[in-house]
Structure formats: structure tokens, C-alpha cells
Amino acid sequence: MIKNNYLFYLSLLLICVGLIGNILFENLGVFSNSTFSILSIPIGSVDNYYYQGLFLLFLTTIGLSLLPFSLNEKKATISFTFLVAVIIIPHIPF
């Protein structure tokens, strides 16, 4: 099922860093008054852009795009599952 272990673990690491960073920054109040978000990651407000959010979006997007290249079979199903998880997990109250 896994074609390339290095790419698989790298993509998992990037996705996890993006998710944990998003949850951490939201709980610390870094993304206060956000008005624009992509993949549930706030990247902008009325005043300016959140550079931390842009960096987390970059990491998460790279992780999601590397994931299909590391798999042999069920690429679309697993990629879609991870995409849905990235969108839903930050909205779960902790």
C-alpha cells in the first residue's frame, strides 16, 4: 500500500505540523478576528495577513500533495480522507 516510506512519513509530518500549529495558534489567540481562511486555516483579517497562517497553509498543502505520490493503491480515497480530516479537526473543541 505504501510505495515510498520516506514521502509517506514526510507528508504525515507536514500535515500534523500544520494541524497542530493551527490548533495551537487559534487557542493562543494569534488568529483573532480572522475573516479569511483556507482549509480551516485562518490566513487573513480586515487589517492584514497572518504570516503564521500562510506558513501553516503552505506546510499542510505540501503534505497533502505529497501523500498520493507515496501510495500504491487507494490514492484518491486516502487523500480525500486526509483532506476532510484537515478541514474538520480544527473545529472539534478541545
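The values are calculated or read from the model by the stated rules, or taken from the named source; none is laboratory data. Since this is a predicted model, take the numbers as computed values, not measurements. Backbone-built Cβ (ideal geometry, glycine too); neighbour counts: all protein chains shown. Keep in mind that these areas ignore ligands, DNA and RNA; they rest on the heavy atoms of the full protein, side chains included. Shrake-Rupley method; radii C 1.70, N 1.55, O 1.52, S 1.80 Å.
Data for the structure
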quantity: Some residue of region 52-75 being without any contact (Cβ under 8 Å) to a residue 24 or more places away in the chain, at negative phi and exposed (fewer than 12 other Cβ atoms within 10 Å of the Cβ); calculated: no
quantity: Residue count, region 83-94 (criterion: under 9 Å from the mean Cα position of the chain (by Cα) and open to solvent by 50 Å² or more (accessible area, probe 1.4 Å)); calculated: 2
quantity: Matching residues in region 1-38 - criterion: being closer than 25 Å to E73 by Cβ, open to solvent by less than 70 Å² (accessible area, probe 1.4 Å) and part of a loop (DSSP other than H, G, I, E, B); calculated: N4
quantity: Selection count where residues are in contact with a strand residue (DSSP E or B) (Cβ under 7 Å, 6 or more places away or on another chain) and either touching a residue at least 40 places away in the same chain (Cβ under 8 Å) or not polar (S, T, N, Q) (or both), scope region 23-37; calculated: 2
quantity: Of residues in region 39-50 being more than 16 Å from I87 (Cα to Cα) and hydroxyl-bearing (S, T, Y), the one surrounded by the most Cβ atoms within 10 Å (Cβ to Cβ); calculated: Y50
